[in-house]
Amino acid sequence: MNIPVDVQIVLGSTEMSVSELMALQKGSTVALDRRIGEPVDVVVNGRRIARGEITVLESDPSRFGIRLTEIIATAKSA
């Protein structure tokens with residue numbers, strides 16, 4: 001099953017006006033709608049399929065990973 005899929009980990013979102021967006025500069029902070037410790041969404045091809053928590057990889061502490069805590073959707077059978 002060597003089929004590529006688009007996987008996104010969504011930390012949160014926000015709404016802002018175009019003028020606020022245009023005012024962003026290097027070092028600007030954008031507040032998201034989630035707090036530290038809240039689960040993040042795992043989205044595959046635009047569909048939320050799971051939730052999880054951010055973790056540091058044991059094999060490479062300079063990288064993040066996601067530990068799945070909840071499966072929301074399963075693959076449909078063909």
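Here are the numbers for the structure shown:
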quantity	calculated
Filter result (polar (S, T, N, Q) and part of a strand (DSSP E or B)) within region 55-73	55, 69
Count of residues meeting criterion [open to solvent by 80 Å² or more (accessible area, probe 1.4 Å), farther than 19 Å from residue 14 by Cβ and in a loop (DSSP other than H, G, I, E, B)] in region 24-54	1
Verdict on residue 57 being without any contact (Cβ under 8 Å) to a residue 40 or more places away in the chain and either open to solvent by 90 Å² or more (accessible area, probe 1.4 Å) or touching a Ser or Thr at 6+ places or on another chain (Cβ under 7 Å) (or both)	no
Checklist (1) in contact with a Gly (Cβ under 7 Å, 6 or more places away or on another chain); (2) modelled with pLDDT of 95 or more applied to residue 57, failing item	(2)
Qualifying positions in region 1-23 - hydrophobic (A, V, I, L, M, F, W, C), open to solvent by 70 Å² or more (accessible area, probe 1.4 Å) and either part of a helix (DSSP H, G or I) or without any contact (Cβ under 8 Å) to a residue 24 or more places away in the chain (or both)	1, 3, 16, 18, 21, 22
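The values are calculated or read from the model by the stated rules, or taken from the named source; none is laboratory data. This structure is a prediction, so every number in the text was calculated from the model and none was measured. Don't worry about glycine lacking a Cβ; one is built from the backbone with ideal geometry, like all the others, and counts go over all protein chains shown. Note: accessible area is taken over every heavy atom of the protein model, side chains too, but ligands, DNA and RNA are not part of it. Shrake-Rupley method; radii C 1.70, N 1.55, O 1.52, S 1.80 Å.
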